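The values are calculated or read from the model by the stated rules, or taken from the named source; none is laboratory data. Computed from a predicted model, the values in this text were never measured in an experiment. Please note: Cβ atoms are built from the backbone with ideal geometry, for glycine as well, and neighbour counts cover all protein chains shown.
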């Protein structure tokens, strides 16, 4: 008889970033059913689902509801950093843990959170290290107006300066805003070497479409000259971008191998699936394991997951992940490069300018 | 002008936590280790190696002056006060140690990172200000030398204003500060009983 364990699932099934949230939801549900179907797993997971509907103010109350109305001590959920930061106080109060399976801006290591997708040394830093020598160091930075865009662009400003480049512009749009004409006009005027896109959801799709239009009139803005770089773009959102995305770059721990039929559709799905896989291993070892038991369980352990063999750093509770750079080709990505087992460095404490961009810039002494 | 990178490379920095063994110390150590610092906790005294630390966290509730290998308020690195009881006397004591940032106890899951960045910046600002004040004080202390140099120059028959202008020209020609030029003029005057214009460089 398998022991039945409830876990929370907290994703917005509607709203401006629903494609991402639905990919995560699919990964979680698929993993739960695979764990339950596996006779060797020893546990049966029961999903306690809540849907904040893309409304930021619903996250904390619904997380609280999961933890009060069920026996769940672990919640798989949250897409935006804003929503993650909303639920953290609830987790701290209830002694619960969040399994967070989306890329984020770093500079956090809460013991109530397990960070299962990339942080900046696993997305932004390797992506710029790849792009700067090939396209140039002058960038234009875009973001949705909340912490992911602000913080990722802040790190990008420093990286660009370290690479000897200039930030030619930095613009933010409210989440859900689709009028990008001003951004396009500024990019056209400043002619950067690349565009760092930290817009999310509908704003991002509108930008890709308008930028492809710009490239039709001015070839400088084609992906072979001035690519759009994203740190969170996956197959989950390519249907909304379609041909406008072709040739532009993204980075993540996983891109779908098109030859494999049953592979997860995106890194969001794969990371969420991996989160539930690891959580199931933890709960199979100790069905009552709470957040406090996690560091000891993560120590000297690695897990076979859909992302490959991964370890979770017990100090920061961030996953060691592969880093893959991909080029959009229709509804999938072509692999540009892949690095195995990149250890997490959420505070960029080990960032080294020379290692990232080669020899130091020449300095004007005055 | 050179640009300072804003990515705070805290990896490998050394922090000492001066606090009796307690859950608060574990909470601080956990956060410091996650950020990438090497942590040493100690009580009741800071060891000599603490002089080479990059950051020192110190307990305010039970702290006393003799714990520190430096005079009160003269820590050679950024310090962070760990405040539990908000008794005015204890806060006064923490202030006398010129803590650069504070962290309230009980320490939870956050707070250490911002304390590190705030402490580092306010320590650097305080040190820069102190250096500027020292330099200015040295210049003020040379006022008398300048008066003596102007007097020596004007003894050759020019008025004070011209003598002062002459001193400035000498400083420029010698490529030294006005105070240094004045010291040289006074020294030459004392040696030879008068300032001879042939010494002009």
Next on the checklist: Tell me the residue from B:32, B:62, B:46, B:10 that is under 20 Å from residue B:104 (Cα atoms), touching a helix residue (DSSP H, G or I) at 6+ places or on another chain (Cβ under 8 Å) and surrounded by 12 or more Cβ atoms within 10 Å (Cβ to Cβ), please.
Outcome noted: B:32
Item to check | Residue in the stretch B:21-42 that is under 19 Å from the mean Cα position of the chain (by Cα) and either within 14 Å of chain A (Cβ to nearest Cβ) or assigned to a helix (DSSP H, G or I) (or both) present | outcome: no
Checklist outcome for this item: Those residues of the stretch A:204-236 that are closer than 19 Å to residue A:269 by Cβ and not in a helix (DSSP H, G or I) come to a total of 5
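Quick grid of which residues meet (1) surrounded by 16 or more Cβ atoms within 10 Å (Cβ to Cβ); (2) assigned to a loop (DSSP other than H, G, I, E, B); (3) assigned by TED's automatic domain parsing to the domain that holds residue A:105:
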{"site": "A:296", "(1), (2), (3)": "no, no, yes"}
{"site": "A:303", "(1), (2), (3)": "yes, no, yes"}
{"site": "A:310", "(1), (2), (3)": "yes, no, yes"}
{"site": "A:328", "(1), (2), (3)": "yes, no, no"}
{"site": "A:334", "(1), (2), (3)": "no, no, no"}
{"site": "A:339", "(1), (2), (3)": "no, no, no"}
{"site": "A:345", "(1), (2), (3)": "yes, yes, no"}
Item to check | Criterion violated by residue A:190 - all others in (1) under 21 Å from residue A:205 (Cα atoms); (2) at pLDDT 95 or above; (3) touching a strand residue (DSSP E or B) at 6+ places or on another chain (Cβ under 9 Å); (4) surrounded by fewer than 16 Cβ atoms within 10 Å (Cβ to Cβ) satisfied | outcome: (1)
Checklist outcome for this item: Within the stretch A:60-111, the count of residues that are in a loop (DSSP other than H, G, I, E, B), within 14 Å of chain B (Cβ to nearest Cβ) and over 30 Å from residue A:196 (Cβ atoms) comes to 3
Next on the checklist: Given the criterion in contact (Cβ under 8 Å) with a residue 24 or more places away in the chain, farther than 23 Å from residue A:324 by Cβ and touching a helix residue (DSSP H, G or I) at 6+ places or on another chain (Cβ under 7 Å), identify the matching residue among A:48, A:88, A:66.
Outcome noted: A:48
Next on the checklist: Tally up the residues in the stretch B:101-148 that are touching a helix residue (DSSP H, G or I) at 6+ places or on another chain (Cβ under 8 Å) and either over 30 Å from residue B:161 (Cα atoms) or within 14 Å of another protein chain (Cβ to nearest Cβ) (or both), please.
Outcome noted: 13
Checklist entry - Does residue B:130 qualify as being under 29 Å from residue B:9 (Cβ atoms), touching a strand residue (DSSP E or B) at 6+ places or on another chain (Cβ under 8 Å), part of a helix (DSSP H, G or I) and at pLDDT 90 or above? => result no
Checklist outcome for this item: residue A:262 fails exactly one of (1) in a loop (DSSP other than H, G, I, E, B); (2) over 27 Å from residue A:96 (Cβ atoms); (3) within 14 Å of chain B (Cβ to nearest Cβ), namely (3)
Checklist entry - Among the listed residues B:115, B:149, B:119, which satisfies the condition of being outside the structural domain of residue B:58 (by TED's automatic domain parsing) and buried (at least 18 other Cβ atoms within 10 Å of the Cβ)? => result B:149
